[in-house]
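The values are calculated or read from the model by the stated rules, or taken from the named source; none is laboratory data. Here the structure is a predicted model, which is why all the values come from computation and not from measurement. Here Cβ is always computed from backbone atoms with ideal geometry, including for glycine, and neighbour counts include all displayed protein chains. Ligands, DNA and RNA are stripped out before the accessible areas are found, and what is left, the full protein with its side chains, is counted by its heavy atoms. Shrake-Rupley method; radii C 1.70, N 1.55, O 1.52, S 1.80 Å.
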Amino acid sequence: GDSSMVSQAQEEILEMKDVFSVKLKRRRFVGQKKGGTLLGITIFKCLHKEENKLTDCAIHLNNLSEDHCHSWFRHLKEILNGFKNRPKSLKVFVNPSSHKREATHVYYEQVAPLFKLADIKTDVTVTEYEGHALSVLKECELQAFDGIVCVGGDGSVSEVAHGLLLKAQIDAGKDTDYIPTPVRAPVPLGVIPAGTTNILAHTLYGIKHTVTATLHIVMGHIQPVDVCTFSTPSKLLRFGFSAMFGFGARSLALAEKHRWMPSSQRKDFAFIKTLADLKPEECELSFLPLQIAQEDSHEDDRKKKDNIKKKGSKDQWHRIQGHFLNVSIMAIPCLCSMAPRGLAPNTRLNNGSMALIVVQNTSRTEFIKHLKRYASVKNQFNFPFVETYTVQEVKVQPRFKSGLDAKENTHLNAASAEGNYPWNIDGDLMKEASEVHVRVHPQLIYLYGVNTDDLESSQATCNCI
């Protein structure tokens with residue numbers, strides 16, 4: 001151009017690690033699908049915004065020389081192909097029934113275009129029934145893909161994660177009835193939030209945002225994550241990240257009985273109804289404390305019993321029994337919009353431990369105060385009836401009700417009277433009669449995303465600057 005245009009140009013530095021696609025830019029007439037006048041190249045980059053959000057933006061570089069454009073295009077493509085962990089082929093599961101039945105729309109309108117722009121090939125399965133993704137994964141050749149993606153809520157993600165890890169054990173020749181030392185999943189799992197609470201997505205990305213989740217997958221950001229196995233004495237129930245027994249499980253069981261209601265309405269109804277009929281579960285808890293002493297910024301907030309992890313021999317099991325309103329076992333912090341600090345803020349994504357949170361029997365008023373704390377920045381465990389432990393293994397043994405107690409509680413605790421107790425595992429309902437044994441397995445799976453602890457640290461640094 002002329003000198004005036006050159007003097008107005010501003011220099012901008014573009015880091016290739018932020019670029020995810022490059023395309024030739026052409027002028028085409030209406031209806032023309034191929035060819036056209038070459039104008040230059042367009043570079044698509046991942047842009048970091050506030051509140052952990054990512055977005056995509058385009059930078060247009062104009063040059064009428066075909067040789068120059070093709071040369072730049074080839075070289076930039078070579079650089080992009082050199083970034084490891086960036087997927088070229090993905091197996092995608094879409095649950096059309098999740099939340100407001102918006103998952104299919106979310107995928108095809110917001111996710112698929114970005115995958116196409118990044119030249120990622122996809123094999124999409126729209127699930128038709130519960131367990132569909134699991135059955136597909138059991139027959140899937142995982143080596144044909146660079147990653148697995150689930151578009152749905154927590155229940156859908158739980159099923160896909162379980163199927164991915166189960167397939168890994170089958171391929172490794174493991175006995176899937178009992179797996180003391182499971183092998184790691186061979187490919188990462190991506191989570192596109194399209195549910196109600198989206199706990200795993202919040203924990204991975206720090207936010208529920210479809211484009212952010214998609215770009216983490218496109219950019220190949222992977223994070224090792226701890227996984228739990230939930231087993232009875234005779235069989236493996238499933239792989240998962242978190243579970244609740246008691247109030248959290250009973251409210252989910254009641255919500256599942258009212259599937260005809262809209263998602264948010266049935267969950268609110270179940271929560272209020274279960275709170276109105278609040279009853280404790282009688283059970284025995286056995287747990288193996290984490291033996292490695294770890295400094296933690298939340299140490300002052302913990303109960304003194306949490307320090308038990310620093311004492312005792314390696315195989316020293318501890319037992320407590322009584323009437324408990326809720327028992328939570330979580331290997332990840334479980335962030336969500338209703339609990340910005342997380343359901344288990346004292347644990348991490350991959351520190352090889354689980355948080356065991358025990359809420360003993362108390363009045364409904366005190367229990368509500370405890371629940372309200374989750375939505376605030378206050379410590380939700382600072383109550384005399386709440387105990388927290390950092391553990392490696394947990395065994396939950398319910399005590400069956402009998403006689404008059406069972407008859408009195410039949411309409412409230414029908415499952416207990418039948419000998420089947422509900423469990424809420426990653427938002428998925430399971431019922432078990434016998435003891436459930438929970439083990440944590442460090443860094444058993446890679447998930448697309450970033451450690452939310454790192455997000456908080458980087459945000460603090462940015463604020464200081």
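Of note:
- If R0 is 41 Å, the Cβ-Cβ spacing of Ile272 and Glu435 corresponds to a FRET efficiency of close to 0.85.
- Measuring r between the beta carbons of Gln291 and Leu64 and using R0 = 56 Å, the FRET efficiency lands at 0.25.
- Summing charges over all other residues whose Cβ lies under 12 Å from the Cβ of Leu134, with Lys and Arg as +1 and Asp and Glu as -1, gives -1.
- Probe 1.4 Å, protein heavy atoms only - accessible area per residue of the stretch 90-137 in square angstrom: 52
- Accessible area (Å², 1.4 Å probe, nearest 10) - Asp177: 90
- Förster radius 45 Å - calculated FRET efficiency between Lys138 and Ile368, Cβ distance, rounded to 0.05: 0.55
- Translational D in µm²/s for the stretch 16-82 (Stokes-Einstein at 25 °C, 0.890 mPa s, Kirkwood Rh from C-alpha pairs): 186
- Sum of side-chain charges, Val157 neighbourhood, beta-carbon under 11 Å (Lys, Arg +1; Asp, Glu -1): -4
- Backbone geometry of the stretch 438-447 corresponds, through the Karplus equation with coefficients 6.51, -1.76 and 1.60 at θ = phi - 60°, to 3J(HN,Hα) couplings of 10, 10, 9, 10, x, 6, 7, 9, 9, 10 Hz, x marking Gly and Pro.
- Rounded to the nearest 10 Å², the accessible area of Asp175 at probe 1.4 Å: 90
- Taking the 1.4 Å solvent-accessible surface of the stretch 16-82 as the whole, the part contributed by carbon and sulfur is 53%.
- Computed from backbone phi, the HN-Hα couplings of the stretch 199-216 come to 4, 5, 5, 4, 5, 7, 10, x, 6, 8, 8, 4, 5, 4, 4, 5, 5, 4 Hz, rounded to whole numbers (Karplus: 6.51 cos²θ - 1.76 cosθ + 1.60, θ = phi - 60°; Gly and Pro given as x).
- For the residue pairs Lys174/Lys279; Lys88/Lys208; Lys279/Lys395; Lys257/Lys395, alpha carbon separations beyond 32 Å are given by Lys174/Lys279.
- Accessible surface comparison of Tyr446, Tyr421, Tyr374, Tyr178, probe 1.4 Å, protein chains only, largest first: the order is Tyr178, Tyr446, Tyr374, Tyr421.
- The stretch 16-82 - accessible surface per residue (Å², probe 1.4 Å): 67
- Rolled with a 1.4 Å probe across the full set of protein chains, the surface gives Arg86 an accessible area near 30 Å².
- Most to least accessible of Thr104, Thr127 (protein chains only, probe 1.4 Å): Thr104, Thr127
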